[in-house]
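The values are calculated or read from the model by the stated rules, or taken from the named source; none is laboratory data. Note that the structure is a prediction, hence the values are computed from the model and not measured. Cβ placement follows ideal geometry from the backbone for every residue including glycine, while neighbour counts extend to all protein chains displayed.
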Amino acid sequence: MTKRWQAFVGLLMIALIAAGCSSSGGTNSEAGSTSGTSGTSSAKKITVSVWALQEHTWIDGAAADFNAANPDIQIEVSKYAVDPMKEALKVAANSGTLPNMWSTWGGSLGSFYAENGLTADLTQIAKDHNWPSLYNQAAIDMGTYNGKVSGIPYHLNAVDMWYSKTVYDKLKLTAPSTFEELEAQLQAMKDGGITPLSLGGKNGWHVMRLTEQLLEHFAGPELHDKLNNLTASWNDPAVVQTFAKLKEYNDKGYFPKGYVALDPTEAVNLFYPGTTGLDIDGTWLDGNIAAAGFNVNDFGVFKFPTGRSSVFAEMFQVSADLDQATLEATIKVGEYLTSAEVVNKYIDSYGTPAALNVTYSENTPHLKPLLDMATKGSFLITDQALPQEVVQKLFEAQDKVALKEWTPEQAAEGMEKAAADYKAKNKTS
Amino acid sequence: MEQRVHPISKALKYVLIVVLAAIFLLPVLFIAFTALKSSSDLLTRPFYMFPEKLQWHNFVQAWEQGRMSMYMKNTALIALVKVPLGILIEALAAFALTRLAFKGSEWLFALFLIGMMVPMQATLVPLNMILNKLGLVDTYPGIILIYLGFGIPFGILILRGFFRTIPKEIDEAALIDGCGVMGKFFKIIIPLSMPAIATLFIFDFMATWNEFLLAQIFITKDSMRTITTGLLAFRGQYSANYPLMNAGVLISVVPVLIVYVAFQKYFVSGLAGSVKG
């Protein structure tokens, strides 16, 4: 027995040592190149660590192309799903272990890293490399904080109304041009046995796309911008009207059953087969429709009957903690991954590029119309325009109004209090 | 005298068991239905309906597209090192706490238990800093060390409880027969504790196999990811491939089921013994 146990313990030790030896998982990576604060520089090769989102399938091919063409630089990609990415970035930021470059969103989501001095100031590089001729200016602006460019933009997304042609043909409807017409169509769909709005309330942001358009309608562009900048009071009749309209739609059954807890991906799944008539979604939806086995031509887009579309950008932020050589290599990688060359090669899976002079795919017929609508007028999407504390209050207000725990007036008051608390905290800190 | 059970009450008992089993199996059945549907079948018909056409190739696609062989191999490597090594360390600690008479053993046991009360989330930042300083981020020893640390308190709690049920007289008899301390551990205590060890093996294997939070933070290379983080590949920012994800989930639970079936005969007695005294 003792011998058997000794053999067992011995085997365990061997296995542990073997695990240590194979810790790179069989890849041919360089020693020590992990999520460290700077790229691993050897005499010849610089490793650039990039954290990207799981769905950035195009990045694998683009990184391989880059590595083949640049023997002195090695891109090392790590991929995360959305929420794990946010969590991993926060942990890395707090422990000083950010990668060289990471994928994040513009507005208040990316501002955390810029405002805490964790991102390199790319303002001069943007000037020297003439970024306005390479990228949509709006996308650059959404990653600029206190006048400093903090990220290399790769996506510029526009969000607006999508309708099911199956539903619209069945009810003999056409895309509405006024708010009253839209409301009449919502009721017509309900009367026709179809749930009008394919929105899921879980995590708040899907229903928020309706809230922000209602706010744009009731407040108008000027007040809407002021509310987002926290320079106007949220305890305003336009805000009350917005929440009252949300409550009305809820009471009339315009949302799917149990929508407050419904995951947005599950809510959108109801839209594809025509169980629901409308979705408020982005430029990426063509790809999702096709992936779910439906025909993109069975769907159409129209502008919510307000003047402006909701837009947001995604970008690669660059660590502030890099030596000059690694910073240059990282910028080279970032500019390559976001270039028109890469976009054109991987356009079917790339999403909505921030790069200019690109050729759109036939598989995404609604991408250009949505971007054209946004070009005529846009506002930054609410969950990136508002500070995150206030965004969370907005999500809470949406839920509580739907669950009849708050009146629209209480929701407006709650928002005003959250905005005031944020401003007071920001003033004293 | 053996008490006779009335046939009706016996039948009722079985009906209750069947109903309970059905309640527990229903979610698994719906996962299986989803795994066998096409995307459009899933979206156009209620989720509880039997698939219109069985899509067995979803399992092949999930295996290949989801690179499940790589993720399962990585997870198996971690679990097969961590679980036996953890049990060995925990058994040695529990043996010392119950069989080596030393002052403060009760306090030391309480100290070990504090480890169970520390929320994992609160340790992420310091652990990340330590692993980075040691160069252990993205290494299997790094993640195994963390898993060992988090697993030890529970293992000691289970094994200490079981070791205390083994009569001390057996130790004395072993001593008379010329057994040393380690001989007593390996020849007497461990063989007698197989039910508890098997139970712990099942628990620990399941916990390691299903662990998500630490794996997603401390393993950033795709080639080293574990099965739980790998399954996220089926879910994007705005969409999810539910048929493939469910097929992947079903494939991923097979090793856990095998471990459970292999050790289940010890399971109940191990659990009962561990909470005595």
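Considering the conditions (1) within 22 Å of the chain's Cα centre (by Cα); (2) closer than 27 Å to A:L371 by Cα, A:P99 is excluded by exactly one of them, (2).
Checked against the criterion of being modelled with pLDDT of 95 or more and among the aromatic types (F, W, Y), the candidates A:Y168, A:Y145 yield just one match: A:Y168. Among the residues of the stretch A:154-169, not a single one is assigned to a loop (DSSP other than H, G, I, E, B) and either touching a His at 6+ places or on another chain (Cβ under 8 Å) or of a type in the set (A, V, I, L, M, F, W, C) (or both). In the stretch A:291-346, how many are of a type outside the set (K, R), over 19 Å from the mean Cα position of the chain (by Cα) and not assigned by TED's automatic domain parsing to the domain that holds A:L278? Result for the stretch A:291-346: 22. Here the condition is being in a helix (DSSP H, G or I) and out of contact with any helix residue (DSSP H, G or I) (no Cβ under 6 Å at 6 or more places or on another chain); of B:E90, B:E106, it holds for B:E106 alone. Would you check if there is a residue in the stretch B:220-237 being touching a Leu at 6+ places or on another chain (Cβ under 7 Å) and either outside any helix (DSSP H, G or I) or on the phi > 0 side of the Ramachandran plot (or both)? Within the stretch B:220-237 (the criterion being touching a Leu at 6+ places or on another chain (Cβ under 7 Å) and either outside any helix (DSSP H, G or I) or on the phi > 0 side of the Ramachandran plot (or both)), the answer is yes, since at least one residue qualifies.
Filter the stretch B:20-77 down to residues that are among the charged types (D, E, K, R) and assigned to a helix (DSSP H, G or I) and give me whichever is modelled with the lowest pLDDT. Restricting to residues being among the charged types (D, E, K, R) and assigned to a helix (DSSP H, G or I), the top hit is B:D41.
Screening the candidates B:I197, B:I170 for the property of being of a type in the set (V, I, T) and either in contact (Cβ under 8 Å) with a residue 24 or more places away in the chain or within 14 Å of chain A (Cβ to nearest Cβ) (or both) yields one hit, B:I197. The residue that is farthest from A:A93 (Cα to Cα), counting only those in the stretch B:129-162 that are away from chain A (no Cβ under 14 Å) and surrounded by 23 or more Cβ atoms within 10 Å (Cβ to Cβ), is B:F162. Scan A:S164, A:S150, A:S177 and give me the residue that is surrounded by fewer than 16 Cβ atoms within 10 Å (Cβ to Cβ) and of a type in the set (S, T, Y). So the residue among A:S164, A:S150, A:S177 that is surrounded by fewer than 16 Cβ atoms within 10 Å (Cβ to Cβ) and of a type in the set (S, T, Y) is A:S177.
Within the stretch B:19-38, the only residue that satisfies the criterion of being surrounded by fewer than 20 Cβ atoms within 10 Å (Cβ to Cβ) and closer than 16 Å to A:G293 by Cα is B:S38.
Residue check: is A:L118 more than 11 Å from every other protein chain (Cβ to nearest Cβ) and farther than 26 Å from A:F379 by Cα? Yes. Within the stretch A:317-328, one or more residues are surrounded by 15 or more Cβ atoms within 10 Å (Cβ to Cβ), away from chain B (no Cβ under 14 Å) and either free of Cβ contacts under 8 Å to residues at least 24 places away in the same chain or part of a helix (DSSP H, G or I) (or both). Considering the stretch A:247-265, the residues that are in contact with a helix residue (DSSP H, G or I) (Cβ under 7 Å, 6 or more places away or on another chain) and hydrophobic (A, V, I, L, M, F, W, C) include one that is farthest from A:G277 (Cα to Cα), namely A:V260. Scanning the stretch B:109-128 for residues that are more than 8 Å from chain A (Cβ to nearest Cβ) and either touching a helix residue (DSSP H, G or I) at 6+ places or on another chain (Cβ under 7 Å) or under 23 Å from B:T226 (Cβ atoms) (or both) turns up B:F109, B:F112, B:L113, B:G115, B:M116, B:V118, B:P119, B:M120, B:Q121, B:A122, B:T123, B:L127. Tallying residues that are in a loop (DSSP other than H, G, I, E, B), β-branched (V, I, T) and in contact with a strand residue (DSSP E or B) (Cβ under 8 Å, 6 or more places away or on another chain) within the stretch A:77-106 yields 0.
Quick check on my filter: what residues within the stretch B:121-168 are of a type in the set (G, A, S) and either more than 17 Å from B:L92 (Cα to Cα) or outside any helix (DSSP H, G or I) (or both)? Of everything in the stretch B:121-168, those that are of a type in the set (G, A, S) and either more than 17 Å from B:L92 (Cα to Cα) or outside any helix (DSSP H, G or I) (or both) turn out to be B:A122, B:G135, B:G142.
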